[in-house]
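Please read the structure below before turning to the comments.
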Amino acid sequence: MDLSDIEVVDHALPEDGPLVRQLTLARPAKKNAFSVGLASDLALAVRQADADPAVRAILVTARGDVFSAGADLGLFLGQPPDVGQRPPESVTSPDRVHEALHACRTPLIAVVGGKAVGMGVTLLPHFDLVYASERASFSCPFVKLGLVLELGSSFSLPRLIGRQRTNELMLRAKPIDAETAERWGLVTRLFPHESLFERALEIAMDIARLPPGGVQKSKALIRRGEQTPAWTDCAQAENSELQSCYGSEENVQAAMAFFNRRS
């Protein structure tokens, strides 16, 4: 499996056969920001794991202290956009990693031990379970850059945490802590940081021991309401709004201010 930005480890159960596959975001120097390469690698790794009958659960973790800093700003802020400029294809369709997660039949578990920003948050509703440590935080600063939410999160987040909480997360653009995320329902459960991965792996192995047909069919039934045109319509509307926002005067001014602070 030729994946430069994802580390793949299989955890075998004591019983012969079933596996838990661990996929680790491996760009710690870039705070696991989603470049086109990382997004493509994660999408491919998820599809390959889902196609392997021996893999009964998938854990997604991250190297370093940050789960993900979101979309790699180098895609469109390495050089701030000009007014009227169209967003590069890499901004609007990073190999559709969200679609790979959304379509995955195998149970998906996210393990968040640090900051999750932007795309690192909007991916989470596509997981079946999300476990985090008390060190985790969650923020969606899209509007600070004159942009809008993405990855179908205008559909998935209100369903998961409610419309008003989604508004606070998106419109206020400030981080929430792990306890708040658990209370809101963005996170399934919190574990102590030192035992987070161990506990998540234990739960994944519990799932892997169960009859796979029943597990996959139950997951499909639970997610059935999301397998509708509504999710696709929301994702397409977000993409359209992102394209209209990118290169707008508001976006350029916000991006320039951000770019200058980084200089």
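Please treat every number below as a calculation from the coordinates, not as lab data. Keep in mind the model is a prediction, meaning the values are calculated, not measured. Neighbour counts run over all protein chains shown; Cβ positions are idealised from the backbone, glycine included.
Some observations on this one:
- Model label points for Arg223 and Leu210, set 7 angstrom from Cα along the Cα-to-Cβ axis, are 1.5 nm apart.
- Computed from label points 7 Å out along Cα-Cβ, the spacing between Thr180 and Val9 is 3.2 nm.
- Tensor-based shape of region 118-250 (alpha-carbon gyration tensor, a/c under 1.5 rounded, otherwise prolate or oblate): oblate
- Here the Karplus curve 6.51 cos²θ - 1.76 cosθ + 1.60, taken at θ = phi - 60°, turns the phi angles of region 150-165 into couplings of 8, 6, x, 6, 5, 9, 6, 5, x, 5, 7, 10, x, 5, 5, 5 Hz, with x standing for Gly and Pro.
- Short-range pairs are left out: with C-alpha atoms under 8 Å and at least six residues apart, the relative contact order of region 141-233 is 27 percent.
- Residue with peak Gaussian network fluctuation, the chain [Cα springs, cutoff 10 Å], from Leu210, Leu147, Leu25: Leu210
- Measuring gaps between exposed loop sites in the chain (GluC sites (Glu not before Pro); DSSP loop; at most 16 other Cβ atoms within 10 Å), the longest gap, sites not included, is 135-263.
- Annotation for Arg135 and Glu249: the two label points, set 7 Å from Cα along the Cα-Cβ direction, are 4.5 nm apart.
- Just so you know, the averaged projected area of the alpha carbon convex hull for the chain sits at 13.4 nm².
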